[in-house]
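*Asks:* Let me begin by handing over the structure; questions about it come next.
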Amino acid sequence: MLQIEFKFSDKSSKMDNLSSFDLGDMDLRGDLGTASSHSRVPDQSMMIVLSISPLLDGVRRFLSTPQKEYKFVGVDSSFAVVFSKKNDGKIDILVDKCLIETTNARQLKADIEASVLRFIEYLDASAVSPTTDAPLLDLHDAFQDFQHFSVE
């Protein structure tokens, strides 16, 4: 099972001052390894809210087409996660060529959906309002699209 924790950086973590443009990090935990954008040299924090929509859209396209590989790179970052389809239908998730998880399409979709939902619930509890914040509106739209597509 892949777990992704999306979080604002320590410098951005004051709830009353959160912005969609604040930096944050991704922590990935799988059955085969872990990886994080946090505490890397050079710094690989990303604009976390702005990064999640392209992740959702990219993985959705990756899972619903014959595309063999999708490389996600965080916005304003060099942190990258590679999703790679194998011939047996399994999908490898790698960071820096290190294997984090091997899974199937249905489980990958469920794992990413659960991870993003936790972050959206955190944002909804914060002072960031999706009705006045365009990137948050984009995130909610991308999440709805991701929830409603089906994998085979």
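The values are calculated or read from the model by the stated rules, or taken from the named source; none is laboratory data. What you see is a predicted model, and the numbers here were worked out from it, not measured in a lab. Backbone-built Cβ (ideal geometry, glycine too); neighbour counts: all protein chains shown.
*Asks:* Could you please let me know if residue 97 is under 13 Å from the mean Cα position of the chain (by Cα) and either closer than 27 Å to residue 43 by Cα or crowded, with 18+ Cβ neighbours inside 10 Å (or both)?
*Replies:* Values: under 13 Å from the mean Cα position of the chain (by Cα): no; either closer than 27 Å to residue 43 by Cα or crowded, with 18+ Cβ neighbours inside 10 Å (or both): yes.
No: the conditions fail for residue 97.
*Asks:* In the set 82, 41, 75, 95, which member is touching a Leu at 6+ places or on another chain (Cβ under 8 Å), free of Cβ contacts under 8 Å to residues at least 40 places away in the same chain and farther than 25 Å from residue 134 by Cα?
*Replies:* 82
*Asks:* Going by the conditions given, is residue 36 without any contact (Cβ under 8 Å) to a residue 12 or more places away in the chain and either farther than 18 Å from residue 146 by Cα or surrounded by 15 or more Cβ atoms within 10 Å (Cβ to Cβ) (or both)? Even if it seems obvious, please write down each step before you answer.
*Replies:* Working: without any contact (Cβ under 8 Å) to a residue 12 or more places away in the chain: yes; either farther than 18 Å from residue 146 by Cα or surrounded by 15 or more Cβ atoms within 10 Å (Cβ to Cβ) (or both): yes.
So residue 36 passes the test.
*Asks:* Just one of (1) surrounded by fewer than 16 Cβ atoms within 10 Å (Cβ to Cβ); (2) part of a strand (DSSP E or B); (3) of a type outside the set (Val, Ile, Thr) trips up residue 1, so point out which.
*Replies:* Single failed check for residue 1: (2).
Results for (1) charged (D, E, K, R); (2) surrounded by 13 or more Cβ atoms within 10 Å (Cβ to Cβ); (3) within 20 Å of residue 23 (Cβ to Cβ), shown as yes or no for each residue.
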| position | (1), (2), (3) |
| --- | --- |
| 50 | no, yes, yes |
| 53 | no, yes, yes |
| 71 | yes, no, no |
| 75 | no, yes, yes |
| 86 | yes, no, no |
| 103 | no, yes, no |
| 132 | no, no, no |
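*Asks:* Okay, next question. Does residue 52 meet the test of being modelled with pLDDT of 95 or more and either touching a His at 6+ places or on another chain (Cβ under 6 Å) or closer than 18 Å to residue 143 by Cβ (or both)? It would help to see each step written out before you state the result.
*Replies:* Working: modelled with pLDDT of 95 or more: yes; either touching a His at 6+ places or on another chain (Cβ under 6 Å) or closer than 18 Å to residue 143 by Cβ (or both): yes.
Taking the combined requirement at face value, the residue satisfies it.
*Asks:* In the range 8-21, is there at least one residue being within 25 Å of residue 124 (Cβ to Cβ) and within 14 Å of the chain's Cα centre (by Cα)? I'd like the intermediate steps shown before the answer.
*Replies:* First, pick out the residues of the range 8-21 that are within 25 Å of residue 124 (Cβ to Cβ): 8-21.
Still in the running and within 14 Å of the chain's Cα centre (by Cα): 8.
Looking for residues that are within 25 Å of residue 124 (Cβ to Cβ) and within 14 Å of the chain's Cα centre (by Cα), one finds at least one in the range 8-21, hence yes.
*Asks:* Please tell me if residue 32 is in a loop (DSSP other than H, G, I, E, B), of a type outside the set (Gly, Ala, Ser) and at pLDDT 95 or above.
*Replies:* So residue 32 passes the test.
*Asks:* Closer than 18 Å to residue 134 by Cα, of a type in the set (Phe, Trp, Tyr) and touching a residue at least 24 places away in the same chain (Cβ under 8 Å), is that true of residue 21?
*Replies:* For residue 21, the condition - closer than 18 Å to residue 134 by Cα, of a type in the set (Phe, Trp, Tyr) and touching a residue at least 24 places away in the same chain (Cβ under 8 Å) - is met.
*Asks:* Are any residues in the range 39-48 outside any strand (DSSP E or B), among the hydrophobic types (A, V, I, L, M, F, W, C) and surrounded by fewer than 22 Cβ atoms within 10 Å (Cβ to Cβ), and if so, which ones?
*Replies:* Residue satisfying the conditions is 41 alone.
*Asks:* Here is a further query. Pairs under 6 Å by beta carbon, first residue of a type in the set (Val, Ile, Thr) in the range 98-126, partner part of a strand (DSSP E or B), six or more apart or different chains?
*Replies:* Filtered contacts from the range 98-126: 100/28; 100/35; 100/93; 102/92; 103/91.
*Asks:* Follow-up question, since we're still on this one. Just to be sure before I move on: is residue 140 surrounded by fewer than 20 Cβ atoms within 10 Å (Cβ to Cβ), at pLDDT below 95 and in a helix (DSSP H, G or I) in the structure I sent?
*Replies:* Yes; evaluated as a whole, the condition is true for this residue.
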